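First up is the structure itself, then whatever we jot down about it.
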4 protein chains.
Amino acid sequence: MASTPDPARRSERARLAVLDAALAVCRDNGFAQLTIEAIAERAGVSKKTIYRWWPSKGAVLLDAVADSATTLVTYEDTGDLARDMCAQLNSVVAMLTPQETSPLAAVIAEAQREPALAQALRDQMRPRIEGFEERLRRAQHAGDLPAHADLGVALDLFYGPIYHRLAFHFGMPDEEEIRSRVDHVIAALRAADPAR
Amino acid sequence: MASTPDPARRSERARLAVLDAALAVCRDNGFAQLTIEAIAERAGVSKKTIYRWWPSKGAVLLDAVADSATTLVTYEDTGDLARDMCAQLNSVVAMLTPQETSPLAAVIAEAQREPALAQALRDQMRPRIEGFEERLRRAQHAGDLPAHADLGVALDLFYGPIYHRLAFHFGMPDEEEIRSRVDHVIAALRAADPAR
Amino acid sequence: MASTPDPARRSERARLAVLDAALAVCRDNGFAQLTIEAIAERAGVSKKTIYRWWPSKGAVLLDAVADSATTLVTYEDTGDLARDMCAQLNSVVAMLTPQETSPLAAVIAEAQREPALAQALRDQMRPRIEGFEERLRRAQHAGDLPAHADLGVALDLFYGPIYHRLAFHFGMPDEEEIRSRVDHVIAALRAADPAR
Amino acid sequence: MASTPDPARRSERARLAVLDAALAVCRDNGFAQLTIEAIAERAGVSKKTIYRWWPSKGAVLLDAVADSATTLVTYEDTGDLARDMCAQLNSVVAMLTPQETSPLAAVIAEAQREPALAQALRDQMRPRIEGFEERLRRAQHAGDLPAHADLGVALDLFYGPIYHRLAFHFGMPDEEEIRSRVDHVIAALRAADPAR
DNA sequence: AGCTAAACGAGACGGTACGTCGCGTCTTAAT
DNA sequence: ATTAAGACGCGACGTACCGTCTCGTTTAGCT
């Protein structure tokens with residue numbers, strides 16, 4: 001059995017060239033022009049090499065985005081929850097701006113077509129969500145949030161505005177808008193009564 | 001010059017067949033199989049006819065979705081804001097379930113590729129948003145929400161969770177989850193202090 | 001059932017452009033460069049159009065050769081069998097010269113790889129062989145050949161030298177060589193004793 | 001400079017495995033499946049090894065065929081020219097049967113695409129042709145053929161029928177057909193008058 | 001009611017990208 | 001240094017849809 005190639009023989013040069021090219025094509029030519037052939041040509045790599053190591057162009061892009069966004073996994077803790085959340089959300093917004101040429105936006109869009117990519121994207125999100133929850137738990141211990149605050153609700157409400165805007169191309173929220181939404185969400189989490 | 005066809009001569013039969021076929025293909029075969037050719041074949045219509053009346057397959061789908069979701073424009077007013085919002089959001093969730101074959105989800109996904117479709121989608125959303133804002137203003141007059149509540153924040157926070165889930169295929173929220181998020185948002189809107 | 005396209009809708013322009021391009025590419029670039037893509041590009045035609053109407057590149061070439069060699073079907077009858085056979089064989093030799101860029105040689109070579117093409121080639125040869133046999137029968141009636149002369153042997157011996165040379169790239173026979181072989185064959189047919 | 005490898009270091013095991021595999025793949029899977037990769041896999045040899053020692057897959061096949069047909073170089077001399085020629089031709093026919101999987105037929109077909117292989121094939125044929133001519137010269141000395149018989153004509157006419165059949169897939173001649181053609185050719189060579 | 005111009009079905013067309021195959025070159029590790 | 005293994009850049013393969021374009025054939029609106 002030899003269905004999957006031997007990773008030991010993999011060319012690091014080709015791998016990096018492909019990931020770079022994927023980001024470059026997306027940034028320069030937009031999502032629509034982002035084809036396997038364009039990536040291959042820009043990377044100076046054969047299509048075969050791409051297909052050997054990635055199942056789809058979405059997977060290439062996901063890898064590329066993941067490589068270029070490792071910082072997002074860790075959540076700062078300045079002691080000011082609102083400030084930390086704003087920093088994090090503004091980083092995400094920056095990655096999604098401009099929406100038409102954002103590799104991350106492209107991955108998300110592609111995931112709507114490819115269930116397999118959606119799965120991979122979700123897997124890749126998991127550590128970030130854990131970082132998020134950890135930060136929130138620290139806030140709970142610090143007394144910034146009540147102990148009973150629902151972290152699932154928090155995740156949806158903190159991140160929801162960004163993806164609501166993304167879905168309908170309403171334009172990404174600016175820093176002020178982020179701030180007001182963060183404040184609302186923190187207020188909600190503090191006000192919520194689990195005994196309702 | 002006769003670049004645009006005469007709408008008076010338009011075949012209603014063909015129009016309905018196309019819209020039905022678009023929904024049917026999306027539901028039966030999923031987003032990936034949703035091509036103009038598949039719609040044309042299923043509708044028993046020539047591709048030319050589709051291209052004569054719609055600029056793209058996304059536009060067909062948007063029309064089809066709009067036709068099948070006219071009820072969403074108007075917001076109920078039972079006097080209970082939380083209940084009304086839950087009803088509305090549950091309707092949206094129902095339209096997006098299952099995500100893989102939801103025509104609305106497909107339109108949103110397609111809009112990520114086609115800026116023109118994104119524009120059309122936004123235009124088509126406007127009356128719904130106005131309905132939403134109207135309902136919220138009634139809530140303000142009824143004293144359910146403070147007069148200074150930010151309707152933009154409200155829109156993002158009420159709808160955000162759905163599209164956050166959609167983007168990453170986290171699974172649509174169930175009724176209970178909707179309820180808890182709606183409650184949080186209403187609490188946030190009540191708690192927020194504009195003088196901050 | 002609609003596996004084969006409707007010939008009534010076929011574009012004559014495209015058909016001729018393809019056949020011309022096939023011959024041109026073969027003549028200009030040689031057999032090795034003769035690809036479907038090269039033909040399509042030269043013809044200003046999409047690959048799909050070629051695949052719609054021909055099963056393989058060999059079939060295209062066979063059609064092109066057949067169109068350009070209709071004259072070979074009919075055998076002259078000047079009353080001089082040797083002269084007529086030489087004329088015919090020299091025509092064939094001309095079609096096979098130079099061997100490296102001869103479309104007919106290419107068809108024959110391709111037929112070695114594609115049994116289906118070999119069949120088509122044989123079918124397309126049949127009327128020529130009938131013309132050959134008819135000419136020989138006239139020679140028999142004219143007393144130029146004995147009545148018992150074996151036409152199968154005649155076919156093999158008249159044409160054999162050309163294809164022997166072709167197979168091993170010995171160089172096509174010139175007119176003098178053709179003449180001597182024709183004379184030998186006629187002598188053989190006259191000398192043969194069926195009662196052996 | 002070390003462009004050519006050192007033959008002394010050549011692995012005889014690999015060499016034989018490659019030649020065997022070439023014949024085996026040709027016989028088992030036919031000409032179309034006969035690729036360098038298939039040979040390498042079947043031989044348990046790396047592609048690099050093949051490319052180190054042979055310029056092309058045709059060359060491999062030619063070597064393989066030559067190794068397996070050394071007997072054809074020498075012409076028997078039983079004193080009966082017709083019988084000896086029939087024996088020789090029947091041997092060739094046997095090598096070309098069945099045509100679709102005959103390695104020799106494959107070499108000839110391949111030589112139509114690769115001029116370099118055609119040259120090598122011709123070179124490899126030379127000793128056989130010399131054997132042929134020698135046999136014919138003995139026939140001349142024995143009085144079986146006239147002294148002025150044209151050996152070039154003889155070569156074309158004796159071998160021509162086989163390659164005529166091969167080119168058009170008419171089916172190889174059986175022993176009886178070989179016999180009748182040989183008899184005709186001998187008759188022609190005896191009848192020909194060089195003073196014509 | 002008949003005429004005529006459009007919209008219609010069908011589907012061929014020139015393209016672009018797809019995902020695959022085999023080529024001939026190359027790199028690596030193990031004899 | 002040659003070998004087995006196999007990744008690599010390359011280019012052609014045959015396919016799928018795209019959006020455009022004829023074709024006859026309805027069919028709707030005007031005479």
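Here are the criteria: (1) more than 13 Å from every other protein chain (Cβ to nearest Cβ); (2) surrounded by 21 or more Cβ atoms within 10 Å (Cβ to Cβ). Tell me which single one A:Q112 does not satisfy.
Tallying (1) more than 13 Å from every other protein chain (Cβ to nearest Cβ); (2) surrounded by 21 or more Cβ atoms within 10 Å (Cβ to Cβ), A:Q112 fails exactly one: (1).
Looking for whichever is within 16 Å of the chain's Cα centre (by Cα) and without any contact (Cβ under 8 Å) to a residue 12 or more places away in the chain here; the options are B:A111, B:A118, B:A187. Which one fits?
Only one candidate qualifies: B:A118.
Residues of segment C:84-116 being among the small types (G, A, S) and in contact with a Phe, Trp or Tyr (Cβ under 8 Å, 6 or more places away or on another chain), which ones?
C:A105, C:A106, C:A109, C:A111
Quick one: count up the residues across segment A:67-83 that are in a loop (DSSP other than H, G, I, E, B) and open to solvent by 20 Å² or more (accessible area, probe 1.4 Å).
Residues flagged as in a loop (DSSP other than H, G, I, E, B) and open to solvent by 20 Å² or more (accessible area, probe 1.4 Å) within segment A:67-83 amount to 7.
Any chance you could count how many residues in segment B:118-146 are under 17 Å from B:T70 (Cα atoms), touching a His at 6+ places or on another chain (Cβ under 9 Å) and open to solvent by less than 40 Å² (accessible area, probe 1.4 Å)?
Number of matching residues: 1.
Can you find a residue that is modelled with pLDDT of 95 or more, closer than 18 Å to D:V182 by Cβ, in a helix (DSSP H, G or I) and under 14 Å from the mean Cα position of the chain (by Cα) anywhere in segment C:137-155?
Among the residues of segment C:137-155, at least one is modelled with pLDDT of 95 or more, closer than 18 Å to D:V182 by Cβ, in a helix (DSSP H, G or I) and under 14 Å from the mean Cα position of the chain (by Cα), which makes the answer yes.
Across segment C:21-54, what is the number of residues that are within 14 Å of chain D (Cβ to nearest Cβ), among the small types (G, A, S) and either more than 11 Å from DNA strand E (Cβ to nearest atom) or at positive phi (or both)?
Residues in segment C:21-54 being within 14 Å of chain D (Cβ to nearest Cβ), among the small types (G, A, S) and either more than 11 Å from DNA strand E (Cβ to nearest atom) or at positive phi (or both): 1 in total.
Can A:T71 be described as away from DNA strand F (no atom under 14 Å from the Cβ) and free of Cβ contacts under 8 Å to residues at least 24 places away in the same chain?
Taking the combined requirement at face value, the residue satisfies it.
Taking segment D:35-66 only, how many residues are of a type outside the set (G, A, S) and either near DNA strand F (Cβ under 7 Å from one of its atoms) or buried (at least 19 other Cβ atoms within 10 Å of the Cβ) (or both)?
Within segment D:35-66, residues that are of a type outside the set (G, A, S) and either near DNA strand F (Cβ under 7 Å from one of its atoms) or buried (at least 19 other Cβ atoms within 10 Å of the Cβ) (or both) number 15.
For the list (1) assigned to a loop (DSSP other than H, G, I, E, B); (2) within 30 Å of A:P173 (Cα to Cα), I need the number of the one condition that A:V45 fails.
(2)
Might you let me know whether segment D:84-99 holds any residue that is more than 10 Å from DNA strand E (Cβ to nearest atom), open to solvent by 60 Å² or more (accessible area, probe 1.4 Å), in a loop (DSSP other than H, G, I, E, B) and within 14 Å of chain C (Cβ to nearest Cβ)?
yes
Please go through segment D:1-40 and give me each residue that is more than 19 Å from D:A111 (Cα to Cα), touching a residue at least 40 places away in the same chain (Cβ under 8 Å) and not in a helix (DSSP H, G or I), ordered by number.
D:P5, D:R10
With the requirement that a residue be of a type in the set (G, A, S) and more than 10 Å from DNA strand E (Cβ to nearest atom), what does segment A:55-76 give you?
Result: A:A59, A:A64, A:A66, A:S68, A:A69.
Restricting to segment A:70-90, name every residue that is in contact with a helix residue (DSSP H, G or I) (Cβ under 7 Å, 6 or more places away or on another chain) and hydrophobic (A, V, I, L, M, F, W, C).
Hits for segment A:70-90 are A:L72, A:V73, A:L81, A:A82, A:M85, A:C86, A:L89.
Filter segment A:147-162 for residues that are open to solvent by 10 Å² or more (accessible area, probe 1.4 Å) and facing chain B (nearest Cβ under 7 Å) and give the result.
Hits for segment A:147-162 are A:D150, A:Y159.
Which members of segment D:152-182 meet the condition of being over 26 Å from C:A105 (Cβ atoms) and in contact with an Asp or Glu (Cβ under 9 Å, 6 or more places away or on another chain)?
Answer for segment D:152-182, where residues must be over 26 Å from C:A105 (Cβ atoms) and in contact with an Asp or Glu (Cβ under 9 Å, 6 or more places away or on another chain): just D:S180.
Restricting attention to segment D:111-122, which residues are charged (D, E, K, R) and modelled with pLDDT of 95 or more?
D:R122
Please go through segment B:163-182 and give me each residue that is facing another protein chain (nearest Cβ under 8 Å), farther than 18 Å from A:D183 by Cβ and assigned to a helix (DSSP H, G or I), ordered by number.
Selection gives B:Y163, B:H164, B:R165, B:L166, B:A167, B:F168, B:E177, B:S180.
When you scan segment B:153-169, how many residues do you find that are more than 12 Å from B:L189 (Cα to Cα), in contact with a Gly (Cβ under 9 Å, 6 or more places away or on another chain) and of a type in the set (A, V, I, L, M, F, W, C)?
The total comes to 1.
Among the residues of segment A:19-34, write down those that are open to solvent by 60 Å² or more (accessible area, probe 1.4 Å) and of a type outside the set (S, T, N, Q).
Across segment A:19-34, the qualifying residues are A:D20, A:R27, A:D28, A:A32.
Need the failing condition index for A:A118 against (1) outside any loop (DSSP other than H, G, I, E, B); (2) more than 7 Å from chain B (Cβ to nearest Cβ); (3) small (G, A, S), just the number.
All conditions pass for A:A118, except number (2).
Test D:N90 against the criterion of being in the same structural domain as D:F168 (by TED's automatic domain parsing) and within 21 Å of the chain's Cα centre (by Cα), and give yes or no.
For D:N90, the condition - in the same structural domain as D:F168 (by TED's automatic domain parsing) and within 21 Å of the chain's Cα centre (by Cα) - is met.
Looking at C:L62 and the list (1) of a type outside the set (V, I, T); (2) outside any helix (DSSP H, G or I); (3) within 14 Å of chain D (Cβ to nearest Cβ), which single condition is not satisfied?
Only one criterion in (1) of a type outside the set (V, I, T); (2) outside any helix (DSSP H, G or I); (3) within 14 Å of chain D (Cβ to nearest Cβ) is unmet by C:L62, namely (2).
The values are calculated or read from the model by the stated rules, or taken from the named source; none is laboratory data. All values derive from a computational prediction rather than experimental measurement. Reconstructed Cβ throughout: ideal geometry from the backbone, glycine too, with neighbour counts over all protein chains shown. All accessible areas refer to the heavy atoms of the entire protein, side chains included, with ligands and DNA or RNA removed. Shrake-Rupley method; radii C 1.70, N 1.55, O 1.52, S 1.80 Å.
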